[in-house]
Amino acid sequence: MKDEPRSHPFRDSTQDVDAVKRLPDTPQTRAPAYRLAFTDRDFMTREELRPVRLQLELLKPQMVMDERGIETTIVMFGGARIPAPEHRDRARTPTLAGLTRYYAEAQRFAYLMTQRSLESYGRENVIMTGGGPGVMEAGNRGADEAGGQSIGLNIVLPHEQAPNAYVTPDLSFNFHYFAIRKMHFLMRARAVCVFPGGFGTLDEMFESLTLIQTRRMKAVPFLLFGREWWEKIINWAALAEAGVISPEDLKLFVFVETAEEAIAVIDGWVAPC
């Protein structure tokens, strides 16, 4: 992050962090109470400090993306277990092996959108994924192959999950709170693209649709890749027929099959009144 010139006359906090290191080693200076609060890990991870940690997790990625001049993003959700076509033999199930085409389509879509992003010097239409493997990797990979930057919003999980190798390092973020991570997915979203996936993908998709449905978020192009997959997994018509959603809610998203079709929908999209 940039070191902005300070507009106030007060002492720089980093100066005090350095000064504390030079203090005499005494029982008083070793005591936890003496630690500067913002450098005290034990203090910062206390239960009572959760509101502060939530704020920090909101602010850090926001400030970094602002400093990089990122104005709009193309959000890509999708399964972490879908392998690249060249790794089809590593798929856990035959069905996953058959879904590798979505990895390829996600990669191509990200490539084409990043070419457009470069026309705005990487300020608009920046690819944003969850930063992990599978479809997320495909999105970051396509952006990297196009010579552009892309964002990865990773999260700490019980099992090890490192960012994929294609995320732009300076735009690779790590989260503790799912809620704050999902806010960042949508804060700059110009379009949301959802590929086949599991619980995490479904969670991200339905929360995003709910925000648009309830007008807590402005409508954006919302693309579901793979009509056959989505109509098999979710009986959308039954939801409307039962009355638990409005028939109009089925217009909040569009099924697409290819990268080119998705881009055509984004280009032709007209915001509802």
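Every number in this text was worked out from the coordinates using simple rules, so none of it is lab data. Keep in mind the model is a prediction, meaning the values are calculated, not measured. As a convention, Cβ positions derive from the backbone with ideal geometry for all residues, glycine included, and neighbour counts pool all protein chains shown.
A compact table of results
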item: Using a Förster distance of 30 Å, the FRET efficiency for W236-M187 (Cβ separation, nearest 0.05); result: 0.65
item: On Cα atoms only, tilt of 100-119 relative to the major axis of the chain in degrees; result: 70
item: Where a label projected 7 Å from the Cα of E261 along Cα→Cβ would reach, residues of segment 220-242 with amide N under 11 Å; result: 224-229
item: Most mobile of T258, T29, T95 in a GNM of the chain (Cα contacts under 10 Å); result: T29
item: Cα centroid separation - segment 157-207 against segment 20-41, whole Å; result: 37
item: Efficiency of FRET between D16 and V156 - r from beta-carbon atoms, R0 22 angstrom, step 0.05; result: 0.15
item: J(HN,Hα) series, segment 49-57, from Karplus relation 6.51 cos²θ - 1.76 cosθ + 1.60, nearest Hz, glycine and proline x; result: 8, 4, x, 5, 5, 4, 5, 5, 6
item: Estimated [θ] at 222 nm from DSSP helical runs (n ≥ 4, -39500 (n - 2.57)) normalised by residues in the chain, nearest 500; result: -13000 deg cm²/dmol
item: Reachable lysines from K251, criterion Cα separation under 26 angstrom, eight or more residues apart if same chain; result: K182, K218, K232
item: Within a Gaussian network of the chain (alpha carbon springs, distance under 10 Å), most fluctuating of A162, A31, A179; result: A31
item: Signed unit charges on C-beta, dipole axis of segment 70-268, positive-most listed residue G122, P221, F206; result: F206
item: Rounded FRET efficiency, nearest 0.05, which uses the C-beta distance separating F178 from E48 and R0 of 25 Å; result: 0.75
item: Gaussian network model of the chain, springs between alpha carbon atoms under 10 Å - residue of F222, F255, F77 with greatest fluctuation; result: F255
